[in-house]
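First comes the structure, then the notes that go with it.
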Amino acid sequence: MSKRIAIFPGSFDPITKGHESILLRALPLFDEIIVAIGKNSNKQNYFSIEQRKKWLKQVFSKEPKVRIATYTGLTIHFCKKMNANYILRGLRTSADFEFEKAIAQNNKIMAPEIETIFILPVSELSAINSTIVRDIIRNGGNAAPFVPAGINLKV
Ligand code: ADP
């Protein structure tokens, strides 16, 4: 059987406990998960790509099945490049559901061999998102409870 490789695409600006949890829970399902930071020119990012990559590497350093990458363009094109047949996404809210549904269904038309796999967050983590974490940081609050242990946000 070919290796089961998944792409976990996102901005990870910055990584949160929500991202960490989804990835760790999905790990037993796959031989390899590539956490892929999408470089989207329309999106104004807060932390640099290098910084976000560094944190992802730090958080998953003890997980041999996890790789960190960056990409531009369509996620399905990146999947093909990496030989990945799965896209991993988290579903926090009904808004996430509607948005993700459209993307996953359209991806399925363009790339039938790629399956999108959704994982629901555990309830304690479902309210965490990077936008709120950035707002807390911008306004001088303590965002440490929302990001993985060992992440130093003061950069
Ligand atoms: P994007 O801009 O692509 O949504 P994010 O970095 O915000 O990138 O999120 C990447 C993925 O992680 C998305 O599938 C998102 O739903 C998921 N995710 C983010 N926060 C959480 C959370 N608290 N619980 C579960 N999934 C989450």
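The values are calculated or read from the model by the stated rules, or taken from the named source; none is laboratory data. Remember, predicted model here, so these are calculated numbers, not experimental data. Here the Cβ is made from the backbone with ideal geometry for all residues, glycine too, and neighbour counts use every protein chain on show. Surface accessibility is based on the protein's heavy atoms, side chains included, excluding ligands, DNA and RNA. Shrake-Rupley method; radii C 1.70, N 1.55, O 1.52, S 1.80 Å.
Of the residues in the range 70-85, at least one is in contact (Cβ under 8 Å) with a residue 40 or more places away in the chain, surrounded by 15 or more Cβ atoms within 10 Å (Cβ to Cβ) and assigned to a loop (DSSP other than H, G, I, E, B). Among residues belonging to the range 130-139 that are open to solvent by 50 Å² or more (accessible area, probe 1.4 Å) and of a type in the set (D, E, K, R), point out the one that is farthest from Arg25 (Cα to Cα). The qualifying residue farthest from Arg25 (Cα to Cα) is Arg138.
Hey, does the range 140-150 have a residue that's within 16 Å of Gly90 (Cα to Cα) and exposed (fewer than 10 other Cβ atoms within 10 Å of the Cβ)? Within the range 140-150, not a single residue is within 16 Å of Gly90 (Cα to Cα) and exposed (fewer than 10 other Cβ atoms within 10 Å of the Cβ). Exactly one residue out of Ser11, Ser94 is at pLDDT 95 or above, open to solvent by less than 70 Å² (accessible area, probe 1.4 Å) and not hydrophobic (A, V, I, L, M, F, W, C): that is Ser11. Of everything in the range 95-118 that is in a helix (DSSP H, G or I) and touching a helix residue (DSSP H, G or I) at 6+ places or on another chain (Cβ under 8 Å), the residue that is nearest to Ile22 (Cα to Cα) is Asn107. Filtering the range 100-136 to residues that are more than 10 Å from the ligand (Cβ to nearest atom) and in contact (Cβ under 8 Å) with a residue 60 or more places away in the chain leaves Ile117, Arg134.
Of these, Ala127, Ala104, which one is under 28 Å from Met82 (Cβ atoms) and either open to solvent by 40 Å² or more (accessible area, probe 1.4 Å) or touching a strand residue (DSSP E or B) at 6+ places or on another chain (Cβ under 9 Å) (or both)? The match here is Ala104. In the range 16-43, the residues that are within 13 Å of Ser130 (Cβ to Cβ) and open to solvent by 70 Å² or more (accessible area, probe 1.4 Å) form Cβ pairs under 9 Å with partners that are in a loop (DSSP other than H, G, I, E, B) and among the hydroxyl-bearing types (Ser, Thr, Tyr), at six or more places apart or across chains, as follows: Lys43/Ser11. A single member of Phe118, Phe99 is closer than 20 Å to Gly38 by Cα and in contact with a strand residue (DSSP E or B) (Cβ under 8 Å, 6 or more places away or on another chain), and it is Phe118.
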